[in-house]
Amino acid sequence: MASTSPSSPYPYFAPRYVMASVAVSLGGLLNGYDTGSIGAITHMPQFAESIGQLSSTMLGITVSMIMLTGTLPSVFAGHFSDKFGRISVIIPGALLFGIGALVQGLSHGLPQFIAGRAIAGFGQGVFLSNISVYICEIAPLRYRGALAGLPQFMATAGVCFGYFTCYGTLNIKSDMAWRLPYIVQCFFSAVLSWACLLLPDSPRWLMLKGRQADALRALERLDFNMVEAERDFLTTTEQTPSLSPWQSFSLLFRRGYRARTILALFILGMVQLSGIDAITYYAPILFEQAGLSSDNASFLASGLSSILMLAISIPAFLLADKWGRRTSAIAGGLTLASCMFLMGGLYAAGVVHPYGIARWLVIIAVFVFGLTYCATWGIVGKIYASEIQPGHTRAAANNVAMGLCFGTNFLVAILTPILLEASAFGAYFLFGGLALGTVVVLAAYMPETRGRSLENIQEVFHRPAASSNLAQFLRTLGLGTRRRAHQASREVAAGEEVEMEPHDDTGAVAASAVSVETVSRSMRLEVLV
């Protein structure tokens, strides 16, 4: 039976920071629902009757438009989030997404449908990355990985929900078969906007604005542990300076911030270039190409893959704080690359036919790829990109990284049908090579952050030496001489000059990153000049 919170007369089912995280994670559900439904919608004969038959190029443009228009607002949404608050930016973004869904659902021609996707993309670019920032800032250290992984888990649930909504409406003879999914999107957009009106803003953001009384009230409303808050951020006296959009952007690439920004950009960009969107957007086409020729068979296989992806996401998100971010990212990348190379090799050898074992190997590889992504890169990427940034650049950096994520997502969505039509294996080799290259970079330059507070990460986040991180990964896999590798990595780390933190005269790393006041002062001088 539900108990009652000491500060609220309402039933108390879970800490309110958990309920707040679930509420804003509806934005992830919206993102996943569109991803899971658009490929199925454009594959429906009812859609072709209403909008027209799409060529491979027009299919790529139509599907990818939502990512293209999400790129620019995502880059600058972080500035407005830093200025007005995380929640204040999520609400208009959710409303815009709902308007875009309504326009798509009422479309009677391709131009109107593409315009609706453009509006929805603009709204998604505004709210999506700020959801991760908000959750990262309200989550206690012990549960940050699990809660920050909620948007991705909800996105996976949305993909599953989107597939089966379309599978359920496939047999409707009228155009309502493809219009009904957009009614669902409008509903969830309205729920997300309403839920955000009831939530307090991030206590960490309020502290950066010097609003300590509001921060204390927000902490109480969120049931946040006051001892942890006092230890980590309530005692800080630093306030974020008032910066222009250009100053916020340029600050990310200054010494002391540059390496973390580039790492976040790289991780979120390459997560999309792994080919996951080729799987989720065009699963019916991929299964049909592998030999499942009927609409029902390819739709059902797509739905089954989405169910399995959702199932694997549950333990992945619950255990996000048990597994190391670094090991999960590297091991996952190796598996993703292997799946892509296997599929590409089978198609290149010309052995994939509507009969025989090769087609089942391709289908199984598609399933394994999706499961691995949801268990590793899908969860780790957004968590890591959010938590490695300082508080006064977290929203800006995460939004710029999300802008790149939208851009790479756009490229994958628009190029995949063209590549599949031109070559049965080229796309698989391309995505496999990119995934393998990402593993090499992460093995060299990705330090572990699990188990540290957001503030502690900023104090200890150094640019890691390649040999140190490779030795650490080999030890994780049980390879090499452990003691020798450990000693070597300590010697390398001790002798390395750290870019991320300023040094005093003795070479010791200062306790904090670049002073906000110093950066603000220098930027004001630049503006005057």
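For every residue, the table says whether it meets (1) surrounded by fewer than 24 Cβ atoms within 10 Å (Cβ to Cβ); (2) modelled with pLDDT of 85 or more.
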{"position": "Arg142", "(1), (2)": "yes, no"}
{"position": "Gly162", "(1), (2)": "no, yes"}
{"position": "Gly168", "(1), (2)": "yes, yes"}
{"position": "Met176", "(1), (2)": "yes, yes"}
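For region 202-259, how many residues meet the condition of being at pLDDT 80 or above, within 26 Å of Gly451 (Cβ to Cβ) and either touching a helix residue (DSSP H, G or I) at 6+ places or on another chain (Cβ under 8 Å) or acidic (Asp, Glu) (or both)?
17
Within the group Leu419, Leu411, which residue is modelled with pLDDT of 80 or more and either assigned to a helix (DSSP H, G or I) or within 11 Å of the chain's Cα centre (by Cα) (or both)?
Leu411
Pairs needed: first member in region 395-417, under 15 Å from Ile38 (Cα atoms); second member anywhere, aromatic (Phe, Trp, Tyr); C-beta distance under 6 Å; at least 6 residues apart or different chains.
Ala413/Tyr281; Thr416/Tyr282
With respect to Leu342, determine if the residue is assigned to a helix (DSSP H, G or I), surrounded by fewer than 20 Cβ atoms within 10 Å (Cβ to Cβ) and modelled with pLDDT under 75.
no
On the given criteria, is Ser202 buried (at least 24 other Cβ atoms within 10 Å of the Cβ), over 14 Å from Gly28 (Cα atoms) and out of contact with any Leu (no Cβ under 6 Å at 6 or more places or on another chain)?
When the stated conditions are applied, Ser202 passes them.
What are the pairs with Cβ atoms under 8 angstrom where one residue, in region 161-181, is farther than 12 Å from Ser50 by Cα and the other, located anywhere, is part of a loop (DSSP other than H, G, I, E, B) and at pLDDT below 90? Sequence gap at least six, or different chains.
Here the result reads Cys166/Met44; Leu170/Met44; Leu180/Ile172, each pair linking region 161-181 to a residue that is part of a loop (DSSP other than H, G, I, E, B) and at pLDDT below 90.
Return the pair list, or none, for Cβ contacts closer than 8 Å from residues in region 318-336 that are closer than 22 Å to Leu430 by Cα to residues that are modelled with pLDDT under 85 and polar (S, T, N, Q), at least 6 apart or on different chains.
Listed by first residue and then by second, the contacts come to Gly333/Ser274; Leu336/Ser274.
The values are calculated or read from the model by the stated rules, or taken from the named source; none is laboratory data. Since the structure is predicted, the reported quantities are computational estimates derived from the model, not experimental observations. FYI the Cβ positions are ideal-geometry reconstructions off the backbone, even for glycines, and counts take in every protein chain you see.
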